[in-house]
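What follows is a single structure, written as structure tokens, with notes after it.
The values are calculated or read from the model by the stated rules, or taken from the named source; none is laboratory data. Predicted model, so just to flag it, every value in this text is computed and none were measured. Backbone-built Cβ (ideal geometry, glycine too); neighbour counts: all protein chains shown.
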Amino acid sequence: MTLNLLKPIISTTVTIAILSWLLPTIDYANWTALVLAGLVLTVLQKFVKPILSLLFLPINIITLGFFSLVLNVLILWLAMYLVPGFRITEMTVGGVQLNQFFSLLFASFLISFLQSIVGFIL
């Protein structure tokens, strides 16, 4: 039973560690910041994001679901703001320099993708 509670936190923490190893723009200061980033991001994804999704449902319907991408970026930015030592800087993808918003959007895609793989393995 305890593993079911810890599985999302472990999955998110491992995902952040893998992405920081693969991408130099995703960084954490130390292991404490890594674990705290995994914990905070999991809590934000599980509790805050559903509330925000419900609050912004009319906007999400009008934009045909594209506003959920903005919510993903907001959740990731909030995790960076709350956890000192965890940051995602501007990145270059395919020769195109992305600003902070699109870097967070790209990172949120990668985090979601890797979380599903790591969650399946665990």
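Some points to look at:
- Selection from the range 23-42 of residues that are without any contact (Cβ under 8 Å) to a residue 24 or more places away in the chain and under 27 Å from residue 92 (Cβ atoms): 24
- Breaking point among (1) assigned to a loop (DSSP other than H, G, I, E, B); (2) in contact with a Lys or Arg (Cβ under 9 Å, 6 or more places away or on another chain); (3) of a type outside the set (Phe, Trp, Tyr), for residue 65: (2)
- Flag for residue 108 being surrounded by fewer than 14 Cβ atoms within 10 Å (Cβ to Cβ) and either in a helix (DSSP H, G or I) or not small (Gly, Ala, Ser) (or both): no
- Boolean, residue 45 is surrounded by 18 or more Cβ atoms within 10 Å (Cβ to Cβ) and touching a residue at least 60 places away in the same chain (Cβ under 8 Å): no
- Pairs are defined by a Cβ separation below 6 Å, a sequence spacing of at least 6 or placement on different chains, a first member in the range 1-17 that is more than 9 Å from residue 119 (Cβ to Cβ) and surrounded by fewer than 19 Cβ atoms within 10 Å (Cβ to Cβ), and a second member that is of a type in the set (Ser, Thr, Tyr) and at pLDDT 90 or above; the pairs so defined are 9/42.
- Only a single item in (1) farther than 21 Å from residue 8 by Cβ; (2) of a type outside the set (Val, Ile, Thr); (3) exposed (fewer than 14 other Cβ atoms within 10 Å of the Cβ) is not met by residue 23, and it is number (3).
- Residue tally, condition among the aliphatic types (A, V, I, L, M), assigned to a helix (DSSP H, G or I) and within 17 Å of residue 15 (Cβ to Cβ), over the range 79-105: 4
- Residue in the range 26-42 that is surrounded by the fewest Cβ atoms within 10 Å (Cβ to Cβ), counting only those that are among the polar types (S, T, N, Q) and part of a helix (DSSP H, G or I): 32
So that you can scan it fast, the table gives a plain yes or no per residue for (1) within 15 Å of the chain's Cα centre (by Cα); (2) over 22 Å from residue 46 (Cα atoms):
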| residue | (1), (2) |
| --- | --- |
| 71 | yes, no |
| 78 | yes, no |
| 87 | yes, no |
| 91 | no, yes |
| 96 | no, yes |
| 109 | yes, no |
| 117 | yes, no |
| 122 | no, no |
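- Test: residue in the range 11-34 that is at negative phi, aromatic (Phe, Trp, Tyr) and in contact with a Leu (Cβ under 6 Å, 6 or more places away or on another chain): yes
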